[in-house]
1. Looking at residue 186, is it open to solvent by less than 20 Å² (accessible area, probe 1.4 Å), touching a strand residue (DSSP E or B) at 6+ places or on another chain (Cβ under 7 Å) and at negative phi?
2. Does residue 111 satisfy the condition of being open to solvent by 20 Å² or more (accessible area, probe 1.4 Å), touching a residue at least 12 places away in the same chain (Cβ under 8 Å) and either under 20 Å from residue 250 (Cβ atoms) or in contact with a strand residue (DSSP E or B) (Cβ under 6 Å, 6 or more places away or on another chain) (or both)?
3. Just the residues that are touching a Pro at 6+ places or on another chain (Cβ under 9 Å), within 18 Å of residue 232 (Cα to Cα) and basic (Lys, Arg), please, taken from region 111-157.
4. Can you name every residue in region 72-92 that is farther than 14 Å from residue 105 by Cα, touching a residue at least 40 places away in the same chain (Cβ under 8 Å) and either in a loop (DSSP other than H, G, I, E, B) or not hydrophobic (A, V, I, L, M, F, W, C) (or both)?
5. Go through region 280-306 and give me each residue that's under 15 Å from residue 258 (Cβ atoms), in contact (Cβ under 8 Å) with a residue 40 or more places away in the chain and not in a loop (DSSP other than H, G, I, E, B).
6. Take region 249-279 and flag every residue that is touching a strand residue (DSSP E or B) at 6+ places or on another chain (Cβ under 8 Å), touching a residue at least 60 places away in the same chain (Cβ under 8 Å) and either surrounded by fewer than 24 Cβ atoms within 10 Å (Cβ to Cβ) or not in a strand (DSSP E or B) (or both).
Amino acid sequence: MFSLLIKQRFLLLKQFSCRVLDKRKQDLKKIISNTIHYCHPVVRQIFSMAGRRALKAVLIDLSGTLHVEDTAVPGAQDALHCLRQASVSVKFVTNTTKESKRNLLERLQRLNFDLQEKEIFTSLSAARSLLEQKQHRPLLLVEDSALEDFTGIDTSHPNAVVVGLAPDHFNYQTLNRAFRMILDGAPLIAIHKARYYKRKDGLALGPGPFVTGLEYAAECKATVVGKPEKTFFTQALSELGCSPSEAVMIGDDVRDDVGGAQNAGMLGILVRTGKYREGDENKISPPPHLTCDSFPDAVEHILQNLL
């Protein structure tokens with residue numbers, strides 16, 4: 001009887017000790033997490049790089065990061081050339097839906113950027129892949145200059161709504177037609193949901209507000225195919241044969257470029273060009289790996305610290 005009592009007391013003591021140890025582990029994790037968050041940015045950088053594989057790929061946003069319409073970000077061409085000399089793969093990932101991949105390539109080449117069409121991965125490409133996979137016949141709300149990226153897709157008697165940036169088509173009649181189709185069961189596909197983007201004359205509404213309006217009116221949820229979706233980043237990286245832990249993303253959109261990339265397991269570098277607004281780096285958690293003035297500064301950081 002006495003030995004049984006001793007055994008029970010021993011088991012109770014063991015269970016209590018385990019609970020205390022678990023609590024101390026949790027407290028220690030919390031202390032470390034808070035220390036990393038509030039300490040000097042250089043220390044945060046060291047912690048964020050711990051355990052990561054060697055950098056193999058750099059994903060680069062286009063509009064707002066390398067150029068704004070027909071004007072290149074100062075020094076971006078030379079910075080891209082320097083990056084290409086390093087032992088990393090480069091891919092350009094964009095939510096741009098104002099023009100086809102071919103037109104976009106021609107615009108960038110006129111600005112003396114060294115890139116090839118196969119290096120560009122667009123949200124239009126991701127949307128087309130989804131349409132082919134699901135065999136949808138879309139009502140395409142995109143600019144006419146982007147339609148060639150959907151060549152061969154059957155658009156007769158549409159049974160799906162696809163929304164990109166389409167200023168010339170965002171009128172009441174067209175949006176109301178899309179609304180009625182969605183009520184009748186057509187899926188709503190958002191090429192992306194950016195709030196706004198940068199033009200020469202200032203910030204301009206992106207497709208996000210229009211997609212959100214349709215979601216609200218039809219009480220539905222859109223399928224998003226572009227940034228910041230994790231599948232968009234992983235698909236782009238799969239073409240390079242590397243994992244998110246081996247890649248970094250550079251962009252001017254803190255949510256879609258940086259936040260999306262970091263949620264996918266990459267590092268994210270935010271640049272203060274394009275659509276960037278003061279304080280953007282504080283809008284996501286965790287914050288960007290780095291916030292710098294422009295693309296050339298981001299490349300310099302990569303070459304000096306990440307390779």
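1. For residue 186, the condition - open to solvent by less than 20 Å² (accessible area, probe 1.4 Å), touching a strand residue (DSSP E or B) at 6+ places or on another chain (Cβ under 7 Å) and at negative phi - is met.
2. yes
3. 134
4. Residues satisfying the conditions are 73, 74, 75, 78, 86, 87, 88, 89.
5. Within region 280-306, 290, 295, 298, 302 meet the criteria.
6. Listed by number, the residues that qualify are 252, 257, 261, 266, 273, 274, 275, 276.
The values are calculated or read from the model by the stated rules, or taken from the named source; none is laboratory data. None of these values were measured; they are calculated from a predicted model. Methodologically, a virtual Cβ is constructed for each residue, glycine included, from the backbone with ideal geometry; neighbour enumeration extends over all protein chains shown. Only protein heavy atoms, including side chains, enter the accessible area calculation; ligands, DNA and RNA are left aside. Shrake-Rupley method; radii C 1.70, N 1.55, O 1.52, S 1.80 Å.
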